[in-house]
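Below: the structure, in structure tokens.
The values are calculated or read from the model by the stated rules, or taken from the named source; none is laboratory data. Note that the structure is a prediction, hence the values are computed from the model and not measured. Backbone-built Cβ (ideal geometry, glycine too); neighbour counts: all protein chains shown.
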Amino acid sequence: MKSGEPSHTGRDAFGSSFGVLVALAGSAVGLGNLWRFPYLVGENGGAAFILIYLGFVFLVGLPILLSEFIIGRRSQAAARGAFKVLAPGSRWSIAGVLAVLCCTLILSFYSVVGGWGIEYLLKALRFDFTSGKDAAFSTLFTSFTASSWKPLLCHTVFLAATALIVVFGVKNGIEKFSKVMMPVLFVIMLGIAVRSLTLPDAGAGIDYLFRPDWSKVSADTFLAALGQAFFSLSLGSGMVITYGSYVSRKENIVALSAKTAVADTLFALIAGCAIMPAVFAFGISPGEGPGLVFITLPYIFGQLPLGGFIAILFFLALLLAALTSSISVMEVIVAFCIEEFKLRRRAAVALCFAVLWVLGCLCSLSMGLLGDWKVFGKTIFDLFDFVSANVLMLVGGLLVVLFAGWKLGRKVVHDELTNSGALRIPEWFLDTLLFLIRYLAPAAIAVIAIFQWI
Ligand code: PFF
């Protein structure tokens, strides 16, 4: 069966190898790269954080990515169904339910931040950042996110756009959108990085990104780096299982996984190069936290020659990156609903939209009106972020590697990596990978999780 032919189960599928790659990279590259990565680098001391992050991506992230791929492609089923196909009658399918829950929480707050992206793109189009009209960017951001109706409206539009793409299906919706938007995103981000790197005082920012200062590293740096690797590569959320189930048995999943990890890392580094040199050139502290993109950058755009146009391009890129990711999160839930409740795609998308809209509104309002509603001392927004990225993704990742490494075992892993013997892989590669999947990845996740939760 070639890519593009419907799978034997009659399910929707990706139409080409390039389509699979851009869809996977589209899911991985998102707010995690453009919003989260730069501020985490800023908070955790620059290059040392980046090196630790890279270590986690390739030693822990890649084995999890491959494990999810193996589970999805072998079963040709969605997050829960995959475990039911591969381990019938067992309790492993709970891992799939956790993944769907994880995606529900992620998309609830992701859609709110995507909505902020829409508002900021509109502001950029009105040249608000360069007109000198809105100079107090910090107040502007907090008063916007705390207000009631505007962020809700933006969240609604963002979620509706996501639903509109997903309703067209894997090949005609997700793949087509990603194929056009990912190259556009790449060109825009590269252009902004070049502009930033050629600013008169860019050197300090480049130093910060590429010269490690190990004195800033603490246990928290490792926690933050692993959490970011999970979030950025969309791991432990059932995404790769679901997308993997739409991939033909002829694709080389080792190459696809490696390319996805490389593309995601490249985008994060390009985002760093687009932001940090400019931050340093204007003498701002890089450790501004989550407001870096929505408060610091607008200020910089206001000072930069041609800043008005760069602001438009930046927020357009942010929005596109967010959309190619949000569609993948929604697809995990939609595919689950189609399979488990035997719904048609349209009905599944409608149900998903309704539930996520309500949860997203709660997240958005927790920045203002519902700010006093706290669970474990966290607002709803922070709680959803914490539980999904710091608990469910880690648990999901752990279950996935244990399942692939121990339950499926060497023979199945070998069979999937070689497409039943059609491809060759060296023995040492399989041994190393199995070691990472069986021992290193679970140990790293367990240690980090314990540190994080105590
Ligand atoms: N990887 C995405 C980002 O970096 O923004 C976030 C994400 C997408 C997480 C899809 C989980 C997921 F299933």
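Put simply, of S111, S75, S93 the only residue that is among the polar types (S, T, N, Q) and either free of Cβ contacts under 8 Å to residues at least 12 places away in the same chain or within 15 Å of the ligand (Cβ to nearest atom) (or both) is S111. Somewhere in the range 250-259, is a residue at pLDDT 90 or above and closer than 30 Å to F451 by Cα? Yes, because at least one residue in the range 250-259 is at pLDDT 90 or above and closer than 30 Å to F451 by Cα.
With the structure loaded, tell me whether P305 is more than 14 Å from the ligand (Cβ to nearest atom), closer than 18 Å to G191 by Cα, surrounded by 24 or more Cβ atoms within 10 Å (Cβ to Cβ) and modelled with pLDDT under 95 or whether it fails that test.
Against the criterion (more than 14 Å from the ligand (Cβ to nearest atom), closer than 18 Å to G191 by Cα, surrounded by 24 or more Cβ atoms within 10 Å (Cβ to Cβ) and modelled with pLDDT under 95), P305 does not qualify.
Within the range 251-286, if we keep just the residues that are more than 18 Å from V187 (Cβ to Cβ) and charged (D, E, K, R), the residue that is farthest from the ligand (Cβ to nearest atom) turns out to be E251. I'm trying to understand the selection: among the residues of the range 132-174, which are more than 21 Å from S364 (Cα to Cα), in contact (Cβ under 8 Å) with a residue 24 or more places away in the chain and not in a helix (DSSP H, G or I)? Answer for the range 132-174, where residues must be more than 21 Å from S364 (Cα to Cα), in contact (Cβ under 8 Å) with a residue 24 or more places away in the chain and not in a helix (DSSP H, G or I): G132, D134, A135. Taken together, the criteria exclude L24 from residues that are modelled with pLDDT under 95 and under 15 Å from the mean Cα position of the chain (by Cα). If you filter the range 15-45 down to residues that are away from the ligand (no atom under 16 Å from the Cβ) and crowded, with 23+ Cβ neighbours inside 10 Å, you find that the one that is farthest from I206 (Cα to Cα) is N44.
Per-residue answers, yes or no, for (1) among the hydrophobic types (A, V, I, L, M, F, W, C); (2) part of a helix (DSSP H, G or I); (3) touching a helix residue (DSSP H, G or I) at 6+ places or on another chain (Cβ under 6 Å):
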| site | (1), (2), (3) |
| --- | --- |
| V391 | yes, yes, no |
| W406 | yes, yes, no |
| K411 | no, yes, no |
| G421 | no, no, no |
| F429 | yes, yes, no |
| A446 | yes, yes, no |
| Q452 | no, yes, yes |
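When the criteria are applied in full, K150 meets the requirement of being modelled with pLDDT of 90 or more and surrounded by fewer than 20 Cβ atoms within 10 Å (Cβ to Cβ).
So, in the range 390-415, exactly how many residues are among the aliphatic types (A, V, I, L, M) and over 25 Å from the mean Cα position of the chain (by Cα)?
Restricting attention to the range 390-415, the residues satisfying the condition of being among the aliphatic types (A, V, I, L, M) are 391-395, 398-402, 404, 408, 412-413.
Remaining after also requiring over 25 Å from the mean Cα position of the chain (by Cα): 408, 412-413.
Selection size over the range 390-415: 3.
Residues in the range 106-137 that are among the hydrophobic types (A, V, I, L, M, F, W, C) and crowded, with 24+ Cβ neighbours inside 10 Å: I106, L107, F109, V112, V113, W116, F129.
Scanning the range 214-271 for residues that are among the hydrophobic types (A, V, I, L, M, F, W, C) and either touching a strand residue (DSSP E or B) at 6+ places or on another chain (Cβ under 6 Å) or without any contact (Cβ under 8 Å) to a residue 24 or more places away in the chain (or both) yields A255, V262, L266.
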